[in-house]
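Step one of this worksheet: look at the structure below.
The values are calculated or read from the model by the stated rules, or taken from the named source; none is laboratory data. Quick caveat, the model's predicted, so the values are computed rather than measured. Positions of Cβ are backbone-derived with ideal geometry, glycine not excepted, and every protein chain shown enters the neighbour counts.
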Amino acid sequence: MKKSDTGILIVDDELIVRESLTKWFREDGFRVDAAENAAAALRKLQGGGWTLMLVDIKMPGMDGIELLQRVREIDKSITVIIITAFASVDTAVKALKEGAYDYITKPIDPDYLDHLIEKALKQHELLQENQQLRDRVSEMATDTEIVGESAEMTKVMDLVRTVAATDTTVMIRGESGTGKELVARAIHNQSARKYFPLVTVNCGAMTETLLESELFGHERGAFTGAQYRRKGKVEAADGGTLFLDEIGNIDTKTQMDLLRVIETKQFTRVGGSDIVHSDFRIICATNRDLERAVKEGTFREDLYYRLNVFTIELPPLRARRGDIAKLAHFFVEKYALAMSKKVTGFTPEAMYALKAYDWPGNVRELENAIERAMVVTCGPMVEREHLPLQATSGTTSEGKRLDDVEQRHIERILKETGWNISRSAAILDIDRVTLYHKIEKYGLKREP
Amino acid sequence: MSRIRLLPLGSADRDMVAALRPALEADFDAVAEVGEIDLDLDQFLDPRRLQYNSTALINHLQGRYASIGGMRGDSPSLLAVVDEDLFIPILTYVFGEAQLGGRVAVVSYHRLQNERYGLPRDQGRLFERLHKEAVHELGHVFGLLHCPARECAMHISTYVEDIDMKPAALCPSCRRQLATLARA
């Protein structure tokens with residue numbers, strides 16, 4: 001910032017001080033003005049354009065500290081330096097607590113004043129730059145790929161906004177491909193933790209020991225191949241958010257370790273004894289029936305209650321068919337840009353097929369289908385035959401889901417065995433408890 | 001061509017002030033002269049600080065100068081030279097003070113002397129420092145602001161070390177600006 005663009009306002013009831021400082025800063029090329037009291041200063045502030053204020057602490061009427069408080073309410077970006085006649089720790093502490101950059105004692109050493117102003121302006125410039133970058137990051141961060149205007153998705157986004165403002169643990173539930181990770185990202189990006197990392201752990205993709213090391217890190221020599229100390233994901237999420245995907249798949253030992261770290265926010269690395277602290281927020285996701293897992297004893301009840309504080313249910317795509325067209329166009333635009341193709345939309349037949357299909361793989365399947373279609377499409381529109389949908393799509397998909405097939409198969413076996421549970425379980429190669437759960441799940445009843 | 005009148009006041013070394021004259025003539029392409037006035041500097045002494053108020057001194061000189069027609073357009077610019085320790089009320093000390101774009105300036109060599117810093121007396125070094133500060137204050141009188149270039153007499157100096165690091169000459173940019181201001 002040029003000195004002539006830097007506005008310095010001097011507030012002091014002593015004319016000689018106002019004149020001396022005005023002259024001093026004018027010789028430096030700053031834009032300077034002076035006010036004889038707080039009221040005059042506040043009037044001058046209304047015009048805007050001030051970077052720095054030098055404010056005498058002792059003035060008739062409103063004193064310097066009160067003026068400082070008012071300035072902070074009006075424009076936090078103005079750097080305020082308090083001038084005091086006597087160096088007093090109380091005054092200094094009070095001024096700094098109220099947000100003053102520094103305080104100086106009269107008479108001021110010219111060298112000190114010169115360096116103080118230089119430092120204050122440098123910090124002002126950095127803060128301004130920092131604010132601009134934060135605004136830019138916020139703008140970029142809130143721009144997530146969650147697409148949907150249906151009532152179901154509007155409700156989800158309302159919940160995201162509500163919970164993002166808090167530090168509450170969130171459990172996101174929904175079928176595979178419904179966008180659980182995107183929702184986790186949206187919560188993180190709208191939270192106060194957005195400037196810190198969002199660390200994702202796919203709990204379902206790891207073995208017990210690998211997951212433990214992944215979560216908590218390890219010390220050098222903790223196990224064969226551990227040549228260096230490595231920070232874990234929990235440590236990496238310090239200040240930010242830890243997103244535990246497929247939480248329902250973690251083993252009992254890791255469940256216990258995780259419960260402890262959630263409760264204490266401290267842990268030790270694998271093979272280590274030093275206690276490591278980490279301040280993180282937990283968001284987890286699952287497509288499993290955790291309540292059943294708790295009943296079956298495969299998921300700790302205490303961990304379940306720790307995680308299941310605020311639940312967001314993501315609807316499957318078939319339950320929000322109104323969003324299919326918008327999502328499809330979103331993906332066409334995305335891949336047209338990525339593949340440098342001039343594809344702008346869908347033929348009516350293709351769109352009809354998209355809307356009629358059940359999308360068991362949800363949004364992920366839809367995106368994959370459109371990506372594939374974009375590869376083979378040569379014209380301006382995606383046509384029906386470009387879409388890798390089952391031949392039956394476009395008609396009713398009733399009975400095509402895996403659950404439907406399973407339900408029919410269990411019903412058939414139960415009929416064959418005359419509802420002999422043990423024999424049916426043996427034929428199905430599942431245990432009796434599981435069979436009972438499935439009978440309950442599908443609401444199967446023995447015909448009289 | 002600019003005109004400069006040098007005024008040694010109080011116990012200021014007349015020979016050193018006289019030696020400034022040709023140097024400043026060359027620096028500003030000006031005609032310089034050394035004058036004398038009868039002035040008791042004690043009236044500017046602050047008994048608590050035991051320092052002399054440079055703003056009050058400048059105001060006094062301006063008043064006296066104006067009363068004899070010294071503020072006319074063709075009148076010389078005035079540079080008072082003193083040995084006394086100067087201050088402006090908000091600052092602990094100043095090496096000099098000037099009316100920005102005005103007519104009067106004052107410079108003190110009190111804090112420019114090696115002896116003040118426990119070093120052996122060095123009159124050559126003292127003259128160099130006084131010369132640089134005289135150019136600096138006269139620069140303000142002619143309308144120049146502080147210059148960010150360290151290789152310029154208009155660069156701000158708050159310690160003698162700062163003065164030693166800069167030259168007595170103006171940088172090309174300040175020199176151009178000075179020519180523009182002179183034409184205006």
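Before we move on, is residue A:406 modelled with pLDDT of 90 or more, at negative phi and not aromatic (Phe, Trp, Tyr)?
no
Residues checked against (1) in contact with a Leu (Cβ under 8 Å, 6 or more places away or on another chain); (2) surrounded by 20 or more Cβ atoms within 10 Å (Cβ to Cβ); (3) under 30 Å from residue B:155 (Cα atoms); (4) in the same structural domain as residue A:108 (by TED's automatic domain parsing):
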position: A:18; (1), (2), (3), (4): no, yes, yes, yes
position: A:31; (1), (2), (3), (4): no, no, yes, yes
position: A:55; (1), (2), (3), (4): yes, yes, yes, yes
position: A:63; (1), (2), (3), (4): no, no, no, yes
position: A:76; (1), (2), (3), (4): no, no, no, yes
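Anything in segment A:314-367 that is under 21 Å from residue A:156 (Cα atoms) and surrounded by fewer than 16 Cβ atoms within 10 Å (Cβ to Cβ)? List them, or say none.
A:318, A:319, A:321, A:322, A:325, A:326, A:364
Going through segment B:124-140 one residue at a time, which ones are away from chain A (no Cβ under 14 Å) and small (Gly, Ala, Ser)?
Within segment B:124-140, B:124, B:134 qualify.
When residue A:95 is evaluated against the numbered criteria (1) of a type outside the set (Asp, Glu); (2) crowded, with 20+ Cβ neighbours inside 10 Å; (3) in contact (Cβ under 8 Å) with a residue 40 or more places away in the chain, which criterion, by number, is the only one it fails?
Residue A:95 satisfies all of (1) of a type outside the set (Asp, Glu); (2) crowded, with 20+ Cβ neighbours inside 10 Å; (3) in contact (Cβ under 8 Å) with a residue 40 or more places away in the chain except (3).
Mind checking whether some residue in segment A:64-72 is more than 10 Å from chain B (Cβ to nearest Cβ) and either within 29 Å of residue B:174 (Cβ to Cβ) or modelled with pLDDT under 90 (or both)?
Checking segment A:64-72: at least one residue is more than 10 Å from chain B (Cβ to nearest Cβ) and either within 29 Å of residue B:174 (Cβ to Cβ) or modelled with pLDDT under 90 (or both).
Return the pairs, sorted by first residue and then second, in which the second residue is of a type in the set (S, T, N, Q) and surrounded by fewer than 18 Cβ atoms within 10 Å (Cβ to Cβ), the first residue lies in segment A:405-426 and is touching a residue at least 12 places away in the same chain (Cβ under 8 Å), the beta carbons are less than 6 Å apart, and the residues are 6+ apart or on different chains.
That search, which allows pairs on different chains as well, returns A:424/A:417.
Kindly list, by first and then second residue, each pair from a residue in segment B:94-123 that is away from chain A (no Cβ under 13 Å) and surrounded by 15 or more Cβ atoms within 10 Å (Cβ to Cβ) to a residue that is part of a loop (DSSP other than H, G, I, E, B) and of a type in the set (S, T, N, Q), limited to pairs with Cβ atoms under 9 Å and residues at least 6 apart or on different chains.
Partner pairs satisfying both residue conditions: B:103/B:75.
Give me the pairs: first residue in segment A:243-269 and not assigned by TED's automatic domain parsing to the domain that holds residue A:204, second residue aliphatic (A, V, I, L, M), beta-carbon distance under 8 Å, and six or more apart or on different chains, which are they?
So the pair list comes out empty.
Among the numbered criteria (1) surrounded by fewer than 13 Cβ atoms within 10 Å (Cβ to Cβ); (2) more than 24 Å from the chain's Cα centre (by Cα); (3) modelled with pLDDT of 90 or more, which single criterion is violated by residue A:220?
(3)
Take the conditions among the polar types (S, T, N, Q), within 14 Å of chain A (Cβ to nearest Cβ) and farther than 14 Å from residue B:5 by Cα and apply them to residue B:67. Does it pass?
No, not satisfied.
Any residue in segment B:14-29 that is on the phi < 0 side of the Ramachandran plot sitting within a Cβ distance under 7 Å of a residue that is of a type in the set (Ser, Thr, Tyr) and crowded, with 16+ Cβ neighbours inside 10 Å? List the pairs, counting only those 6 or more apart or interchain.
Listed by first residue and then by second, the contacts come to B:28/B:2.
Of (1) within 14 Å of chain A (Cβ to nearest Cβ); (2) at pLDDT 95 or above, residue B:159 satisfies all except one. Which?
Residue B:159 satisfies every listed condition except (2).
Where residues in segment A:4-45 are facing chain B (nearest Cβ under 8 Å) and basic (Lys, Arg), which of them is nearest to residue A:84 (Cα to Cα)?
A:23
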